[in-house]
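Read the structure below first, then the notes.
Since every read-out is calculated from the coordinates, none of them should be taken as a lab result. All of these numbers come straight from a predicted model, not from anything done at the bench. Reconstructed Cβ throughout: ideal geometry from the backbone, glycine too, with neighbour counts over all protein chains shown.
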Amino acid sequence: MGSVEEKIDLDSDEEIPFSVSESTNKMHSMSFEPSRHILAHPQFSASWVIRKVNRVSILRSIYIVLIKAKINVLLPFGPLAILLHYFTKMHGLVFFFSLIGIVPLAERLGYVTEQLACYTGPTVGGLLNATFGNATEMIISIYALKNGMIRVVQQSLLGSILSNMLLVLGCAFFCGGLVHHQRVQVFNKATALVNSGLLLMAVMCILFPAVLQFTHTEVHKGKSEMALSRVTSIVMLIAYASYLFFQLKSQHNLYSSIDEVRDNEEADEDEVPEINPWEAIGWLAMLTLWISLLSGYLVDEIQGASDSMNMPLSFISVILLPIVGNAAEHASAIMFAMKDKLDITIGVAIGSSTQISMFVIPFCVIVGWIMGAPMDLNFQLFETATLFITVLVVAFMLQEGQSNYFKGLMLILCYIIVAASFFVHIDPTKGCGPGARLHLFSIISIITNAIAETERINVFSKLIKPRYFHCVQRIIELEWVVKLVMIEKIPSPL
């Protein structure tokens, strides 16, 4: 069929043909000014027109933010979780409904942040993305800190890093490699290497407090690692601020895409804002408040969900919470990889991991310092080793600047191993570090006394017959075993 055309009569009696789409775009680009005859009518005053235009703008903003996106079908799970919290005692269901209800809110918060960044320069936009890019994780962490759930904060942030680096990046490489199996996908290696360096720095900052505890070289039984964590957190925040300046100002050409012309054309289309800045600020405040409300119910029910489902709390914090909470971000990274836009995929997966490790974690340490909560960078030995190995594996995967489906499959399998490990892992601290250190010091004391007792037994063995000596030795060994078992009966000081 031929395209339908319209003609616009100008004052100069010229007729210019437009297609339907062109005429529609032309009408959108024209500014509407009411006629003087309309404004002269008492019913159609200027204030009346402004009210009508504002009402239409607000309705359009509500449609764009709350209705247009398909993920908004999950919004009713939030109010449903609140109702179940007050009228039932189904802790597991309330937890999962709260978690699912946060998913669309986190995605919409990121969308509104991008809309607001369109009206600012690149520097302010970068600061907005750094602040609100992981606002959901920060809000949940603050509520958990307020409730004294230090291990939940540490493990949930660790889980976000692991899921982004292994699961998200692995699924993106795997799906992108299957779609583009006839050629090798490439990405900007310089960006990936800088992020890998920051992740290794984060591992170093988290590793030292853990080693300080397990080598027993701290000075004041917990105070040394706390002081080290707070000083290190300040250094990490300075390093991340320097990274933002480096990314936005100093090395702008370093972060240009490989297909620069194509990406710039698509970016020009995507950068057109759909809502005005005041609407974006209003939505930013409302979405943040709604996420804060649901985060309170989520944190309150996490222990009950763990008990009701007979599932380890560490598995929920490290695996389930990050996967469901960041589902929208994960899906977008995979879609960009399938469209052969791996630079954006790297920015979503590795960039988000860098942001959490270098900004969100030290931010939580500083907030805990202000609140009086003993939040530190000692993530315990098992969690620190897991993070260290993960960063090394991903850094080796990214050093070539190429990806394929086999690399993605290896990352996915690594994440399955990590998930299985945390399912069988028993947290030694149970959320209270001093109590765990008391158990550790008790074990060390018993072992030391056992060594001293062995010296006395060797002297005693020379005075009696060997067969009687073995009986006495077994009785003493049984006594030390009973003492070790009775350590579990020691009440925690908290």
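Taking every lysine pair in the stretch 69-431 that is 8 or more places apart or spans two chains, those with Cα atoms closer than 21 Å amount to 11.
Hey, any idea what the orientation-averaged projected area of the convex hull of the stretch 69-431's Cα atoms comes to, in nm²?
Values: hull surface 72.0 nm².
Mean projected area of the Cα convex hull: 18.0 nm².
For the stretch 132-197, the convex hull spanned by the alpha carbon atoms encloses 109 Å³ per residue. Taking the centroid of alpha carbons for each part, the stretch 278-306 and the stretch 321-366 are 19 Å apart. Once you sort the root eigenvalues of the Cα gyration tensor of the stretch 319-432 as a ≥ b ≥ c, which label holds: rounded (a/c under 1.5), prolate (a/b larger than b/c) or oblate (the other case)? In terms of gyration-tensor shape, prolate.
Which of the peptides 58-64, 160-166 is most tightly packed, and how do the rest follow, going by the mean number of other Cβ atoms within 10 Å of each residue?
Working: 58-64: 14.0, 160-166: 26.4.
The most tightly packed comes first, giving 160-166, 58-64.
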